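None of the figures in this text is laboratory data; all of them are computed from the coordinates on show. None of the values given here were measured: they were computed from a predicted structure. Virtual Cβ from ideal backbone geometry, glycine too; neighbours counted across all protein chains shown.
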Amino acid sequence: MKLIRSVVVVSLVVFMASCADAPNKKNTLKRPDIKVVQPDRELSSQYYLNQAQRKFAANGDTTERNGLLLLAAETLQHEQHCNASIKLLNILTPELIHPEYQSQAQLLLAECYMQLPSPAVPQAQKLLTKLTSYPSGRARIDAVQAQIDEHQHQWLDASKHLLAAGDMNEKNSLRLWEALGQLTSSQAKQVIIDEPRLRSWLELKNIVLQQGLRPEILQDRVSQWQTAHASHPLSQTLPESLLKAMQKATISPKRIAVLLPLTGRLGSQGNAIKDGVIAAYIAQLNDISITNSNPAATNIELRFFDSALKTPQELNALVHDYDVIIGPLLKEKIAELITLLPAGKSVLALNRIDSIVSNELSTTREQSLATSGPQLSESPLLAQPLDGANNMNSLETQHSDSAEIYYFSLAPEDEAIQLAKHIYASGLRHPIVLAADTNTTQRMSEAFVEQWQIHQQQRDYVAPATGTFTDSKNMRKLVSELLDVEQSRQRVKQIELLTTSEVYAVERNRRDVDAIILFANPEQTELLNPIIESSLSPFAARDISVFASSRSYTLDLNKNSIRDLRNLTFIDMPWMMPNNPWQDLAKDAQTLWPQSQDSLLRLFALGYDAYNLVPKLRHLKLLPITSVKGLSGDLSISADGEIHRVLPWAKVAQDRVTPIVMD
């Protein structure tokens, strides 16, 4: 009777909260044991709840009652009342004796947990582990597991489970396409071995990767693929972005305006970018393959405007007759200028506005929440958030239909995120983050931790230990504390006090730490790396990898610097790596600017890539899985128009810097 009372309470709550119609009261009173079904309507959850109560009251048959209550819970799910379904199942599950009913209830709960506004991923995953012996629900189990894999960015597993679920309707086909688009090249090879049925999907992906930036060729190759795979789920319903990419022409500018601060406090940065733009412009003029395939590229008018002392309104007037704009550099000018530009212009801003940054942080937090479930400035490119940043989203939305806006910056947070992704993917789970006490390095540390927290509901998740150092004296103390070397030293002293014999001991570090990440400048890294090396016990079972960003590397490494940085693994622009493919350009840059700083060389690369990206912007955005190789990294564009960079890896080994090939 306790269960019946609970069901009655839940029934009343659901009845009042749902939009479903209850059975006709008059008919129910007269004929309580006869189902009243209208042929053009499905039975409601309220109907099954009432039937369960009546059946049990009439004959006390709990098996029939429980079956009806399971139907009620499933119908609540279909009616998108998953909270009510979860309440009902939590009351019902302890009463279920039949194994089939138990499996049904657990599967329904898992499905509902994944349909909540903030999916309860851990709860759903825990339920699925209990369903190994439920063969009749295999397809639905795979469907739920695919959702979990997608939330945890386990794209390889998500692809396999989506295919195993079997329901390749339009929505699921597009989900599988998105998951396959996230696979690395090695994962794509592995998935073909594990699931040969995915070969045709990956053939289409390879067509997009190879021809995505050439719409005429892309359309022809996709048509050939459709003919060869006429019955394929995607053959009749291609992804919308792919259709647009085949139909839209590339950006073919006639007049390009470049807005940069060429005088004043930012003049050196602006001129470095300008030099990069000019170098790319000249390289295109001298490239026979480009001039032959696109003669219009040799007739582009390129003009530079000094934005240092001009308002956005004045800049808008200057670029009125130009179809493509590169710049400005400062966030506040970008944010206001894009509200003034008329339709038909393409803008490649050389920074992000704060709506882009806010959206990224929100996405990261949402991903983190999705896995946790409910409780049941040194450079203008690194500028601080603007006042009134909350208005940026509305500004961008308001003008998204007028001008095409793209954002290209060298944000240091992006490097921290790449480090976090790689370290986690490498199987390392116990990182320590050491950051200098500066605004930029602290932001990098925070970005690393936020990216790492996406995995916080994984069984092997460990929160990164973090520390901040202020000077060289503080470095050794901080490393000693985070590696527990100081505790080891204290234990040795205690043993020495307890014995009269001479004690021979070697201090030991924590055995769980497997990665140390440094966010520091080259001089600080040269001090830190030897301190870390000296703090590691020679008896450790495994080596501890030390990682750093481009901020720890400089082209001016001498023999002593290389010695102090040995075994350091870092990321940086291809342009800054030894033996890069642009040796002639590097020699010219060295000849023209022999005293140029590393930071200005990186800005040169930004300008060079910005100019070369212009004709590719539209299709890179439509097809985010495509990318181009630039001086500043492998470049792709997200749906919000932000250019993302993937940087190559290198390691300081012996007496040189050696590039590392990564997938």
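Going by average Cβ neighbours within 10 Å, how do the peptides 124-137, 645-658 rank, with the highest at the top? Write out the running numbers ahead of the final one.
Working: 124-137: 15.4, 645-658: 17.2.
The densest-packed peptide leads the list: 645-658, 124-137.
Based on the Cα coordinates of the range 100-203, what is the per residue volume of their convex hull in Å³? Intermediate results must be reported in sequence, preceding the final value.
Details: hull volume 10.7 nm³, N = 104.
Value for the range 100-203: 103 Å³ per residue.
What percent does the relative contact order of the range 165-248 come to when contacts are Cα pairs within less than 8 Å and at least six residues apart?
32 percent
Which entries of K248/K421; K254/K274; K171/K248; K274/K629; K629/K651 have Cα-Cα distances beyond 26 Å here?
Working: K248/K421 34 Å; K254/K274 19 Å; K171/K248 24 Å; K274/K629 20 Å; K629/K651 21 Å.
Cα-Cα > 26 Å for K248/K421; rest within.
With a 10 Å radius around each residue's Cβ, average the other Cβ atoms per peptide and rank 628-636, 592-600, 338-346, highest first. Please report the intermediate quantities before stating the final value.
Working: 628-636: 20.2, 592-600: 13.6, 338-346: 16.1.
The most tightly packed comes first, giving 628-636, 338-346, 592-600.
Between Q182 and I660, what is the label-to-label distance in nm when each label sits 7 Å out along the Cα-to-Cβ direction?
In this crude label model, Q182 to I660 measures out at 2.4 nm.
On the first, second and third principal axes, largest extent first, how far apart are the outermost C-alpha atoms of the range 45-129 in Å?
Projected onto the principal axes, the Cα atoms of the range 45-129 cover 40, 25, 15 Å.
Using each residue's phi in the range 459-472, evaluate 6.51 cos²θ - 1.76 cosθ + 1.60 at θ = phi - 60° and report the 3J(HN,Hα) Karplus result to the nearest Hz, with x for Gly and Pro.
For the range 459-472, the Karplus-derived couplings read 4, 9, 6, 9, 5, x, 7, 10, x, 10, 10, 10, 7, 5 Hz, x marking Gly and Pro.
With 10 angstrom as the radius, rank E111, E100 by how many other C-beta atoms surround their C-beta, starting from the fewest. Working shown, then result.
Numbers: E111 20, E100 13.
Taking fewest neighbouring Cβ atoms as first place, the list is E100, E111.
Using Cβ counts within 10 Å as a stand-in for footprinting exposure, how do F304, F469 rank, fewest first?
Values: F304 19, F469 23.
Ranked by crowding around the Cβ, least crowded first: F304, F469.
Quick one: Cα convex hull volume of the range 165-248, Å³ per residue? Could the numbers behind the result be given before it?
Numbers: hull volume 7.8 nm³, N = 84.
For the range 165-248, the hull spanned by Cα atoms encloses 92 Å³ per residue.
Highest first, please rank the peptides 451-458, 322-329, 547-554, 233-240 by the mean number of other Cβ atoms sitting within 10 Å of their residues.
Numbers: 451-458: 19.4, 322-329: 25.2, 547-554: 23.1, 233-240: 15.6.
Taking the mean over residues of other Cβ atoms within 10 Å, the ranking is 322-329, 547-554, 451-458, 233-240.
Order of R199, R54 from fewest to most other C-beta atoms within 10 Å? The partial results should precede the final answer.
On the way: R199 10, R54 15.
Exposure proxy ranking, most exposed first: R199, R54.
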